[in-house]
Every structure is written in C-alpha cells, then in structure tokens.
Amino acid sequence: MRDLVAAFGGDLPRDAPTADLLAWLDDFSDAHWNFRGRLGGAERDRVRVDLPPRLAAAALQAARGLGLTDSIEPPHDEYAHLLILGGLARACLQRTEHAARLAATRRVGAVAALGSLRPLGPEERGVVDVDTEAEALAVGVNAAFGADVPVLVAPPRDPAAPRANTADTYEHWAAQACPRADERILIVTTPIYVPFQHCDAIRILGLRYRCGIDTVGFDPARASTPQPPGAHGADRYLQEIRSAIRAARALHTAAA
C-alpha cells in the first residue's frame with residue numbers, strides 16, 4: 001500500500017494510529033481512485049479509466065499483494081452456512097457455479113444467495129435474459145444447485161439508496177437465519193471484492209453474531225462464464241482497493 005500511494009504522489013503516514021491511517025487512506029483514495037464517484041456512483045462495469053503504464057503496474061502489484069487477484073480454497077472442511085453474493089450478471093453465474101463446486105467437496109449446511117433488485121444494464125442482459133440481479137442469481141442457482149437454494153432479496157437500509165449494498169444483504173440474511181457463535185460461514189464472491197466484502201462480513205456478522213467467517217473468490221480460469229473485457233484492469237483494482245479501505249475503516253470504527 002505504501003508503494004501504491006507513493007506511485008500516485010503521496011506519502012503514507014508512518015506510526016499513525018490505525019483510525020488516523022484509515023482516514024488518511026480514505027481521503028487519498030477518494031482523490032485518486034474514486035472512479036465510480038466521478039461518474040455519479042455508476043455501476044462497476046461502467047468504469048473505464050486508462051492509466052499510464054507506471055501507475056497501472058503499481059496498481060496490479062498492490063492488488064496482488066492485498067489479495068484481490070487470487071482464488072484460494074476455503075480453510076475448513078465444514079460450514080454451517082454457505083452464502084453466495086450477488087453482483088453483475090456474469091458474477092451471479094460464476095459465483096453460483098463455484099459455490100456448487102465447493103459444496104460438493106465439503107460438508108455444508110444451509111445455502112443461500114443474497115441479492116438485490118438492481119436493474120441489469122444492457123451488457124448484463126446480453127449474458128442472461130432477465131431484468132434484475134436477483135433474477136440473475138436465481139438463474140445461476142437453478143443451474144448450479146437446482147431449485148433448493150433460496151435467493152434472498154434485500155431492501156436498502158437507506159430509503160434514499162437505489163438498491164441494497166453488500167452490508168444490507170448480510171443484515172437481511174442474518175435477521176432470518178440468526179447464525180450462532182459456534183457456526184462457520186463461507187462466503188463466495190469474486191476475488192477482486194474479497195477484502196471489502198470480508199470486512200463487511202466481519203462487521204455485520206462476526207462482531208454481532210460472533211460466528212466464524214471465511215470469504216473466497218471463484219477461479220476465473222474454471223468458470224464456464226468468461227470474464228468481460230476490462231475485468232482485470234488496473235482501474236478496477238484501484239476502485240476496489242478504495243472499497244477495501246472504506247470497509248476496513250467501517251470495521252475498525254465498529255470494533256472500537
């Protein structure tokens with residue numbers, strides 16, 4: 001992270017308290033990597049930013065070091081709950097396929113897919129012929145598991161928000177499932193989102209319910225649905241490094 005900040009002309013504070021360091025990174029990333037914000041909160045697949053080769057290389061190196069690029073195996077053989085997170089239409093198909101693969105090789109209790117009523121964009125509708133993220137998740141669930149996995153549609157906590165975010169879907173699921181402190185939860189998403197969605201899971205599920213949580217991303221090389229152009233672009237990684245910073249800051253505040 002220090003090298004990445006330096007590449008963009010910053011100097012990460014040394015020996016600062018964690019809260020101050022995360023606040024500094026939040027402000028710095030807002031100024032340099034908040035590409036969605038510059039587009040008025042556009043969906044992730046609408047972000048396209050060309051970076052100079054030097055900055056792109058720094059971004060990719062940081063992404064690898066921060067765990068945004070690799071698919072890893074879950075560390076445990078048994079989980080009480082398996083949660084599949086919704087997202088863009090391709091991701092809904094990729095994540096459900098990977099989750100079914102994991103469920104076939106581990107002892108897994110209840111499985112649920114967590115999504116929202118976000119309308120799909122034009123490119124997404126070319127992947128799956130439905131109207132919303134939740135419906136895309138249902139297509140993936142039916143293909144990977146059959147009809148026995150529920151798709152939970154979360155409302156946004158903020159009435160002004162256009163759709164539920166990751167934390168909203170966690171809260172909606174937990175209110176119904178009531179996970180216990182002795183239970184482990186496995187969350188399946190895309191590698192680039194693992195850090196921020198894992199921080200949110202710890203904040204919403206770990207701190208409140210005291211359960212164990214592992215978050216893994218699917219392996220794009222094994223996915224039947226290919227990644228879209230630009231999915232591994234440096235701009236995408238920078239945007240999600242910012243998401244991870246903000247999620248870590250929220251977690252640190254909640255745990256203080």
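The values are calculated or read from the model by the stated rules, or taken from the named source; none is laboratory data. Worth saying up front: this structure is predicted, and the values here are computed from it rather than measured. As a convention, Cβ positions derive from the backbone with ideal geometry for all residues, glycine included, and neighbour counts pool all protein chains shown.
List of remarks:
- Count of the stretch 162-171 residues which are crowded, with 22+ Cβ neighbours inside 10 Å and out of contact with any strand residue (DSSP E or B) (no Cβ under 6 Å at 6 or more places or on another chain): 3
- When each of THR132, THR166 is tested for being in contact (Cβ under 8 Å) with a residue 60 or more places away in the chain, in the same structural domain as LEU82 (by TED's automatic domain parsing) and of a type in the set (Ser, Thr, Tyr), the lone residue that passes is THR166.
- Considering residues of the stretch 95-123 that are assigned to a helix (DSSP H, G or I) and among the basic types (Lys, Arg) only, the residue surrounded by the most Cβ atoms within 10 Å (Cβ to Cβ): ARG95
- Among residues of the stretch 78-97, those that are within 10 Å of THR189 (Cβ to Cβ) and out of contact with any Ser or Thr (no Cβ under 8 Å at 6 or more places or on another chain), counted: 1
- Subset of the stretch 12-34 [in a loop (DSSP other than H, G, I, E, B) and either more than 18 Å from ALA59 (Cβ to Cβ) or in contact with a Pro (Cβ under 8 Å, 6 or more places away or on another chain) (or both)]: PRO13, ARG14, ASP15, ALA16, PRO17
- Test for LEU83: is it of a type outside the set (Val, Ile, Thr), in contact with a helix residue (DSSP H, G or I) (Cβ under 9 Å, 6 or more places away or on another chain), outside the structural domain of GLN239 (by TED's automatic domain parsing) and more than 28 Å from ARG2 (Cα to Cα): yes
- Out of GLY87, GLY115, sole residue that is touching a residue at least 12 places away in the same chain (Cβ under 8 Å) and more than 15 Å from GLN227 (Cα to Cα): GLY115
- Count of residues meeting criterion [more than 25 Å from ALA100 (Cβ to Cβ) and crowded, with 19+ Cβ neighbours inside 10 Å] in the stretch 180-201: 1
- Check on ALA103, among the small types (Gly, Ala, Ser), modelled with pLDDT of 95 or more and touching a strand residue (DSSP E or B) at 6+ places or on another chain (Cβ under 8 Å): yes
The rows are residues; the columns are (1) crowded, with 18+ Cβ neighbours inside 10 Å; (2) out of contact with any helix residue (DSSP H, G or I) (no Cβ under 9 Å at 6 or more places or on another chain); (3) without any contact (Cβ under 8 Å) to a residue 40 or more places away in the chain.
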| residue | (1), (2), (3) |
| --- | --- |
| ALA154 | yes, no, no |
| ALA160 | no, yes, yes |
| CYS178 | no, no, yes |
| ARG222 | no, no, no |
| PRO228 | no, no, no |
| ILE241 | yes, no, no |
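- Looking across TRP33, TRP24, one residue alone is free of Cβ contacts under 8 Å to residues at least 40 places away in the same chain, surrounded by 12 or more Cβ atoms within 10 Å (Cβ to Cβ) and among the aromatic types (Phe, Trp, Tyr). It is TRP24.
Conditions tested, residue by residue: (1) assigned to a loop (DSSP other than H, G, I, E, B); (2) crowded, with 20+ Cβ neighbours inside 10 Å; (3) in contact with an Asp or Glu (Cβ under 6 Å, 6 or more places away or on another chain).
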position	(1), (2), (3)
ALA56	no, no, no
LEU60	no, no, no
PRO74	yes, no, yes
LEU93	no, yes, no
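- Within the stretch 76-91, the set of residues being surrounded by fewer than 20 Cβ atoms within 10 Å (Cβ to Cβ) and either in contact with a Cys (Cβ under 9 Å, 6 or more places away or on another chain) or not in a strand (DSSP E or B) (or both) comprises HIS76, ASP77, ALA80.
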